[in-house]
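Notes for the one structure printed next.
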Amino acid sequence: MYKATDWERQATEALKSIARRQDLKELVGRTPALNGLLRRAAARYVAGDARKDGLEAVRGLLAKGYAVSLEYIGENTADAAACEAAAGEMAGLVGELGELGIAARVSFDLSHIGLAVDDGLAFGQLMGLARQAREHGIELFVSMEESAKTDRILDVYKRAAIAEPGIGITLQAQLNRTPDDLAGLEGLGGPMRVVKGAYRESADMAIGRSEALNERYLRLVETALAQGRRVSVATHDEALIDAVIARGWAGQGLEFELLYGIRPDLAGKLKASGYPVRVYVTYGEEWYLYLCHRIAEFPPNLYRALADVAGEAAVDSVSAYD
Ligand code: FDA
């Protein structure tokens, strides 16, 4: 497990604060020079601003033998019209993927399409998308957000999954409640993604990166498989991936899923060993927050971001995948 230096820790804490500052986000948006520089760093993790950029990246990855997920980035959208616009973009994406015959999984935060306004709006949008996804043969996947929203996300998800059983859900191993949440989903047979968790949570609710977390992660995967689900092991932690492989689970309804631009070498190694690998591609204009998250969760990415900003050629992450 990577041990950050003191100053790397300070820098990433600063970055997490910066990510939450709306004024700074607006400043980046209206300052072309700053926007252009940061956009160069974001290119490693975000395919582009427009849907066509996301589609181009997933086509490139599919041609190399990877399965793909696509997310139109956004979260905590507090305005109903903006939620409808976001759901409209996702509906357009589902339709276009269906027409092009691209078997991508479409992932999103419920707070991007209504949860930050009210649960009824999120439920209605999710149902609309799920019906459309079923018609086009596209898999829809709900991401998991901070613990203050877990109950509401699971409630909206469960209600929708009863009517549309193919919808997937993401669970976070770091939360102490998650084993109970998984037990509560028994009988709803949709696919599941297990992640460690990207949000900072209080010590009474969650455990940090540790062996104990990895053990809980493995138990969750085992239980989800025992429930008869397809499971995505969504992590870049090589020791954890090795533990999954050692248990003989890989391939038996289980795939590995990695974020676009992160450890393409590991994705390639897993694929070459014959394991199913999915790459999670993002696109959209809300790349700023996404970039901050990716740097904050792995401090050495600060250096990489600097090199990407200063580099002569723009980053093309698809070419990094074998
Ligand atoms: P961990 O953080 O312990 O890192 C282990 C090792 O992986 C590091 O030592 C490093 O080698 C490598 N690594 C990790 N992050 C890296 C980075 N940014 N750059 C380079 N190397 C890195 N979270 C959430 O709360 N809700 C969600 O819905 C999702 N959805 C989701 C989908 C997919 C497909 C993935 C892969 C991840 C998520 N996440 C998420 C994020 C997840 O919770 C977690 O924050 C990140 O995956 C980082 O944790 P790891 O499991 O990789 O391990």
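The values are calculated or read from the model by the stated rules, or taken from the named source; none is laboratory data. Owing to the predicted nature of the structure, the values given are computational and were not obtained by experimental measurement. Quick reminder, even Gly has a Cβ in these numbers, built from the backbone with ideal geometry, and neighbours come from all protein chains shown.
For the reader, a short list of remarks on this structure follows.
- Meets criteria (surrounded by 17 or more Cβ atoms within 10 Å (Cβ to Cβ) and farther than 23 Å from Gly189 by Cβ) for Leu258: yes
Residue-wise test of (1) among the hydroxyl-bearing types (Ser, Thr, Tyr); (2) buried (at least 23 other Cβ atoms within 10 Å of the Cβ); (3) modelled with pLDDT under 95.
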{"position": "Leu55", "(1), (2), (3)": "no, no, no"}
{"position": "Lys64", "(1), (2), (3)": "no, no, no"}
{"position": "Ser69", "(1), (2), (3)": "yes, yes, no"}
{"position": "Asn76", "(1), (2), (3)": "no, no, yes"}
{"position": "Leu97", "(1), (2), (3)": "no, yes, no"}
{"position": "Leu121", "(1), (2), (3)": "no, no, no"}
{"position": "Leu126", "(1), (2), (3)": "no, yes, no"}
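- Of the helices (runs of 4 or more DSSP H) that lie entirely inside the stretch 237-300, those containing 2 or more residues that are under 18 Å from Phe108 (Cβ atoms) and out of contact with any helix residue (DSSP H, G or I) (no Cβ under 6 Å at 6 or more places or on another chain) span 287-296.
- Contact map, the stretch 3-20: first residue within 17 Å of Gly208 (Cβ to Cβ) and in contact (Cβ under 8 Å) with a residue 60 or more places away in the chain, second residue assigned to a loop (DSSP other than H, G, I, E, B) and among the charged types (D, E, K, R), Cβ cut-off under 9 Å, separation 6 or more or different chains; pairs are Thr12/Glu297; Lys16/Arg200.
- Pairs where the first residue, in the stretch 277-295, is without any contact (Cβ under 8 Å) to a residue 24 or more places away in the chain and the second is surrounded by fewer than 21 Cβ atoms within 10 Å (Cβ to Cβ), C-beta under 6 Å, 6+ apart: none
- Of the residues making up the stretch 27-86, those that are over 20 Å from Ala313 (Cα atoms), charged (D, E, K, R) and part of a loop (DSSP other than H, G, I, E, B) are Lys64, Glu75, Asp79.
- The set of residues from the stretch 1-17 being more than 24 Å from Ala239 (Cβ to Cβ) and in contact with a Leu (Cβ under 9 Å, 6 or more places away or on another chain) comprises Ala11, Leu15.
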